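The values are calculated or read from the model by the stated rules, or taken from the named source; none is laboratory data. Remember, it's a predicted structure, so these values are computed and weren't measured experimentally. Using ideal geometry, Cβ is built from the backbone for each residue, glycine included, and neighbour counts are taken over all protein chains shown. Side chains are part of the model used for accessible areas, which takes the heavy atoms of the whole protein and leaves out ligands, DNA and RNA. Shrake-Rupley method; radii C 1.70, N 1.55, O 1.52, S 1.80 Å.
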Amino acid sequence: MLSISAIDQYYGESHTLWDLTLDVPEGSCMCLMGRNGVGKTTLLKSIMGLIPIREGSIKMDGEDISTAKAEVRAELGIGYVPQGREIFPLLTVEENLKTGLRAASKMGVKTVPEQIYEIFPVLKQMLNRRGGDLSGGQQQQLAIGRALVLNPKLLILDEPTEGIQPNIVSEIGDVIMRLNRSKGIPDPKVEPVKGEVYQTISKINKEMGVTILIVEQKLPFARRVMDQFCILERGRNVATGKMSDLNEQIVKQYLTV
Ligand SMILES: Nc1ncnc2c1ncn2[C@@H]1O[C@H](COP(=O)(O)OP(=O)(O)OP(=O)(O)O)[C@@H](O)[C@H]1O
Ligand SMILES: [Mg+2]
């Protein structure tokens, strides 16, 4: 689905991504890993068109988007949840969600799909509250909801669990698994999820089948939710594979601080 081929990226003269190649197959849930400062966010911003690449190419469903504007990439079905969430604190929850529609105004989607509120009921309850008054976990749900309003085929998330309390982390994991399904849907008998929410989400999930590329540092969470990994080290792709093949040696070499 997403095909990144030998890209190089620079901040001024500072060479940050080096000859980086990565394929994100349709339907996968890929975890982008690596220590702080290795270029994870830079790669996601390059995919989204927020910063330019100097060499190489990025293709979405075979279409070359290497120099396309971010808006065009959103129209082609890429949704983005930035690191640190970047919601608008003074806008209401509803207004924040509508800014997601503007990311690709040409698509002419005018209203927030009801599905978003089925995935995140808390957003419906808080529609008129200011974004800045939400808890960290609720703000993260808002940021994910905003990225889903255009019904993306590929959802890119940059450390969605950073600074969030454990029960919300696990809820976000459940939502990601239901959007994606490469790991199956968590069994409500094993992991207690409120029945009604579970049913609506699995319904949505059947309709969506979203491919996911996510930066995540929490290993147990990554192993539970994602099915593939890619590790960056100093701006290079140094290891990729199935999550089940991520062994202790690789973890020690590239991830342990
Ligand atoms: N706007 C910028 N201008 C110049 N250098 C930058 C800029 N943004 C990031 N960098 C540098 O590029 C490198 C990669 O940063 P990046 O934010 O992509 O890392 P990261 O892997 O996402 O780190 P973290 O895990 O801390 O989020 C770092 O050395 C960083 O200092
Ligand atoms: Mg980062």
Among the residues of the stretch 89-100, write down those that are part of a helix (DSSP H, G or I) and farther than 10 Å from Ala74 by Cα. Val93, Glu94, Glu95, Asn96, Leu97, Lys98, Thr99
Here the qualifying pairs (Cβ atoms under 7 Å; residues six or more apart or on different chains; first in the stretch 158-180 and within 21 Å of Asp227 (Cβ to Cβ); second in a helix (DSSP H, G or I) and charged (D, E, K, R)) come out as Gly173/Arg224
Since Met1 meets every condition but one in (1) farther than 26 Å from Gly136 by Cα; (2) touching a residue at least 40 places away in the same chain (Cβ under 8 Å); (3) open to solvent by 30 Å² or more (accessible area, probe 1.4 Å); (4) within 16 Å of ligand 1 (Cβ to nearest atom), which condition does it not meet? (4)
Of the candidates Met60, Met107, Met48, the one satisfying the condition of being more than 26 Å from Tyr10 (Cα to Cα) and either modelled with pLDDT of 95 or more or surrounded by 13 or more Cβ atoms within 10 Å (Cβ to Cβ) (or both) is Met107
Contacts under 7 angstrom Cβ, first residue in the stretch 34-52 being closer than 16 Å to Ala103 by Cβ and more than 8 Å from ligand 1 (Cβ to nearest atom), partner open to solvent by less than 10 Å² (accessible area, probe 1.4 Å) and in a helix (DSSP H, G or I), 6 or more apart: Met48/Arg73; Gly49/Arg73
Residues of the stretch 118-150 being touching a Gly at 6+ places or on another chain (Cβ under 8 Å) and not basic (Lys, Arg), which ones? Ile119, Phe120, Leu123, Gly136, Gln139, Leu142, Gly145, Ala147, Leu148, Val149, Leu150
